[in-house]
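Written out below as structure tokens is the structure these notes cover.
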Amino acid sequence: MSHIVIQTLNHRSKTGEIRDDFLQLMLEARTGQLKQEEESALDSHEKEAQLKDDGSKKVKIDFHDDLVIAQCLLFILGGFDTGIIKNNTYSMTMTRPFSVNFHVTCCSTVSKRK
């Protein structure tokens with residue numbers, strides 16, 4: 001995994017290739033080119049989630065290769081977890097025996113807790 005990320009970082013740095021993906025965000029943050037979105041472009045949830053500037057000293061984060069690799073790994077694992085949940089939900093709804101078994105299990109668990 002680390003070799004692929006390093007190789008991709010080097011390739012994009014040499015060629016100037018730009019893609020609309022997570023790794024591009026990490027590259028822009030590393031070079032200081034990451035721009036904050038304008039307030040008008042954010043929806044209400046994004047506005048609430050923004051960190052407020054309290055006027056304190058800004059901290060510069062060193063985006064070394066290990067940090068970029070770790071962030072990419074977390075991004076992939078997070079997507080993998082979501083994919084498993086999505087696939088299981090799809091299987092439950094499309095496979096009748098599985099769906100019935102799941103319903104029976106849920107009902108028996110609820111009745112035991114009453």
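The values are calculated or read from the model by the stated rules, or taken from the named source; none is laboratory data. These numbers were taken from a predicted model, which means no experiment stands behind them.
Which one of these is within 19 Å of the chain's Cα centre (by Cα), of a type in the set (Ser, Thr, Tyr) and modelled with pLDDT under 80: 93, 82?
Values: 93 fails: within 19 Å of the chain's Cα centre (by Cα).
Of 93, 82, the one residue that is within 19 Å of the chain's Cα centre (by Cα), of a type in the set (Ser, Thr, Tyr) and modelled with pLDDT under 80 is 82.
Are any residues in the stretch 1-57 of a type in the set (Ser, Thr, Tyr), over 20 Å from residue 76 (Cα atoms) and at pLDDT 75 or above, and if so, which ones? Show your work before the answer.
Filtering the stretch 1-57 down to residues of a type in the set (Ser, Thr, Tyr) leaves 2, 8, 13, 15, 31, 40, 44, 56.
Now narrow it down to the ones that are over 20 Å from residue 76 (Cα atoms): 13, 15, 31, 40, 44, 56.
Those that are of a type in the set (Ser, Thr, Tyr), over 20 Å from residue 76 (Cα atoms) and at pLDDT 75 or above: 13, 15, 31.
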